[in-house]
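Chemist: Below are the C-alpha cells for one structure; questions will follow.
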Amino acid sequence: MRRPIIAGNWKMNNTRTDAKALITALVPLVADAEPEVVVCVPFTAVETVAAAAKGTNIAVGAQNVAWADKGAFTGEISAAMLKDVGAEYVIIGHSERRQYFGETDATVNLRAVQAIKNGLKPIICVGETLDEREDGETERVVSSQVRGAFEGIAEGMLANVVIAYEPVWAIGTGKTATAEQAQETVAYIRKVFASLYGAALAQKTRVQYGGSMNPANAAELMSKPDVDGGLIGGASLRAEEFAKVVNYKGAAI
Ligand code: PEP
C-alpha cells in the first residue's frame, strides 16, 4: 500500500550542463518504473533539471530549505524560491548538513515546518553514527531525531512527508547496512512515528533506507517489508546505475 520512492541525492555535483546531460540520459531509463522517482539536485540546477524532467515520471527536489519566508538570511534559499524553479521535494537534515553545517533537530524541525507549509514534500533524514551503533544507541538516537524533527507538527500536515533512515557510517563509505539492520531500524522508526501520530498514519508514511545503496544490494534492501525506498548518493550520479536501483524489481536477491 506504500508506493516505493527512490530518490537520488546529487549532493554538490553537476553544473547545469552536467545536470542536463544526466537527467536527459535518465529519463528513458526509468520511464516505466514502478517506484516514484525523485532527483534532489543542487539549487543551481533545479530549474534546468525540472525543465528537462517536465512531463516525465521524475520529480525534482532540492537538498535544503530555509526556515523563514524571506529576509536577512544570507546564503539561504526559501521554499517559495524552490517552488518557483520547479522543486517538489526537499531533503532536510541530511547527515552531511548535521555534521558540517551545524544542522540540529531543532533546525530540521523549523525547515520541515516551512517546507510543509509551502507545499514542498520533505525527505527528513535521521541516522546514527558508527560509535552510536557500537554503543547500542541506535534506537535512542533515531527516536530522539524523529521526535525532534516532528515536534509540534500536526498530524494533518504530514500527508507528503518521507523519512529517510541513513546510518551515517553507511553514507558514501561503500559499507551498506545489511537488509536486516535496515529493516530493524526502519521498523523502529515507524514505531516511534506511530507513537506520535497513530498506527494508521505510520502505516501510510514512507520510510526509505539510505547508505551506499546500489544496483547490487537494492533488491534485497527493498525486499524488506518496512523499507519503502532508497535515498541514493553516489549511485545516483550515473544514469545507468541509478536506473538499475530504480528498476530493482527483477534483479536477483
Ligand atoms: C546520501 O547522500 O544520502 C547517501 C545515501 O549517499 P551514498 O548512497 O553515496 O552512501
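The values are calculated or read from the model by the stated rules, or taken from the named source; none is laboratory data. Since this is a predicted model, take the numbers as computed values, not measurements. Counting neighbours? That spans all protein chains shown, and the Cβs are built from the backbone with ideal geometry, glycine included. These accessible areas exclude ligands, DNA and RNA; they are computed on the full protein's heavy atoms, side chains included. Shrake-Rupley method; radii C 1.70, N 1.55, O 1.52, S 1.80 Å.
Chemist: How many of the residues in the stretch 52-81 are touching a helix residue (DSSP H, G or I) at 6+ places or on another chain (Cβ under 9 Å), open to solvent by 70 Å² or more (accessible area, probe 1.4 Å) and not acidic (Asp, Glu)? Don't jump to the end; show me each part of the working.
Modeler: Quick first cut of the stretch 52-81, residues touching a helix residue (DSSP H, G or I) at 6+ places or on another chain (Cβ under 9 Å) only: 52-53, 56-70, 77-79, 81.
The next check asks that each one be open to solvent by 70 Å² or more (accessible area, probe 1.4 Å); those that pass are 67, 69-70, 81.
Okay, now just the ones that are also not acidic (Asp, Glu), so 67, 70, 81.
Looking only at that region, the number is 3.
Chemist: I would also like to ask the following. Would you be able to say whether some residue in the stretch 20-42 is touching a strand residue (DSSP E or B) at 6+ places or on another chain (Cβ under 8 Å), of a type in the set (Lys, Arg) and either within 16 Å of the ligand (Cβ to nearest atom) or open to solvent by 30 Å² or more (accessible area, probe 1.4 Å) (or both)?
Modeler: The answer is no; no qualifying residue exists.
Chemist: I would also like to ask the following. Under the condition of being of a type outside the set (A, V, I, L, M) and assigned to a helix (DSSP H, G or I), which residue from the stretch 1-19 is farthest from the ligand (Cβ to nearest atom)? Lay out the reasoning, then the answer.
Modeler: Step one: list which residues in the stretch 1-19 are of a type outside the set (A, V, I, L, M), which gives 2-4, 8-11, 13-18.
Of the ones still in play, those that are also assigned to a helix (DSSP H, G or I) are 16-18.
Working: Arg16: 21, Thr17: 22, Asp18: 17 Å.
Among residues in the stretch 1-19 that are of a type outside the set (A, V, I, L, M) and assigned to a helix (DSSP H, G or I), the one farthest from the ligand (Cβ to nearest atom) is Thr17.
Chemist: Could you tell me which residue of the stretch 209-253 is surrounded by the most Cβ atoms within 10 Å (Cβ to Cβ), considering only residues that are at positive phi and within 18 Å of the chain's Cα centre (by Cα)?
Modeler: To start, the set of residues in the stretch 209-253 that are at positive phi comprises 211-212, 229, 250.
Then keep just the ones that are within 18 Å of the chain's Cα centre (by Cα); that gives 211-212, 229.
Values: Gly211: 28, Ser212: 19, Gly229: 30.
Looking at the filtered set, the residue picked out is Gly229.
Chemist: Sticking with this structure for a sec: Would you check if Thr107 is touching an Asp or Glu at 6+ places or on another chain (Cβ under 7 Å) and either farther than 19 Å from Ala170 by Cβ or touching a residue at least 24 places away in the same chain (Cβ under 8 Å) (or both)?
Modeler: Working: touching an Asp or Glu at 6+ places or on another chain (Cβ under 7 Å): no; either farther than 19 Å from Ala170 by Cβ or touching a residue at least 24 places away in the same chain (Cβ under 8 Å) (or both): yes.
When the stated conditions are applied, Thr107 does not pass them.
Chemist: Also, quick follow-up: Anything in the stretch 200-253 that is among the hydroxyl-bearing types (Ser, Thr, Tyr) and within 16 Å of the ligand (Cβ to nearest atom)? List them, or say none.
Modeler: We begin by selecting, within the stretch 200-253, every residue among the hydroxyl-bearing types (Ser, Thr, Tyr); these are 205, 209, 212, 223, 236, 248.
Correct list: Tyr209, Ser212, Ser236, Tyr248.
Chemist: To continue, here is another question. Under 13 Å from the mean Cα position of the chain (by Cα) and more than 29 Å from Ala21 (Cα to Cα): which single residue out of Val186, Val161 fits that description? Quick ask: steps written out before the conclusion?
Modeler: Values: Val186 fails: under 13 Å from the mean Cα position of the chain (by Cα).
On inspection, the qualifying residue turns out to be Val161.
Chemist: Read through the list (1) more than 23 Å from Lys244 (Cβ to Cβ); (2) open to solvent by less than 10 Å² (accessible area, probe 1.4 Å), then give the number of the only condition that Thr15 fails.
Modeler: Result: Thr15 passes all but (2).
Chemist: Can you find a residue in the stretch 205-219 that is part of a helix (DSSP H, G or I) and of a type outside the set (A, V, I, L, M)?
Modeler: In the first step, residues of the stretch 205-219 are kept if they are part of a helix (DSSP H, G or I); the result is 218-219.
Keeping just the survivors that are of a type outside the set (A, V, I, L, M) gives none.
No, that holds for no residue.
Chemist: I need the full set of residues from the stretch 124-143 which are touching a strand residue (DSSP E or B) at 6+ places or on another chain (Cβ under 9 Å) and free of Cβ contacts under 8 Å to residues at least 40 places away in the same chain, in order please.
Modeler: Hit for the stretch 124-143 is Val141, nothing else.
Every residue, every condition in (1) away from the ligand (no atom under 14 Å from the Cβ); (2) buried (at least 18 other Cβ atoms within 10 Å of the Cβ); (3) modelled with pLDDT of 95 or more; (4) not aliphatic (A, V, I, L, M), yes or no:
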position	(1), (2), (3), (4)
Arg140	yes, no, yes, yes
Ala154	yes, no, yes, no
Val161	yes, yes, yes, no
Tyr165	no, yes, yes, yes
Val168	no, yes, yes, no
Gly172	no, no, no, yes
Tyr188	yes, yes, yes, yes
Val192	yes, yes, yes, no
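Chemist: On to the next question. Hey, among the residues in the stretch 79-103 that are without any contact (Cβ under 8 Å) to a residue 24 or more places away in the chain and either in a loop (DSSP other than H, G, I, E, B) or of a type in the set (Asp, Glu) (or both), which one's farthest from Ala170 (Cα to Cα)?
Modeler: So, considering only residues that are without any contact (Cβ under 8 Å) to a residue 24 or more places away in the chain and either in a loop (DSSP other than H, G, I, E, B) or of a type in the set (Asp, Glu) (or both), the one farthest from Ala170 (Cα to Cα) is Asp84.
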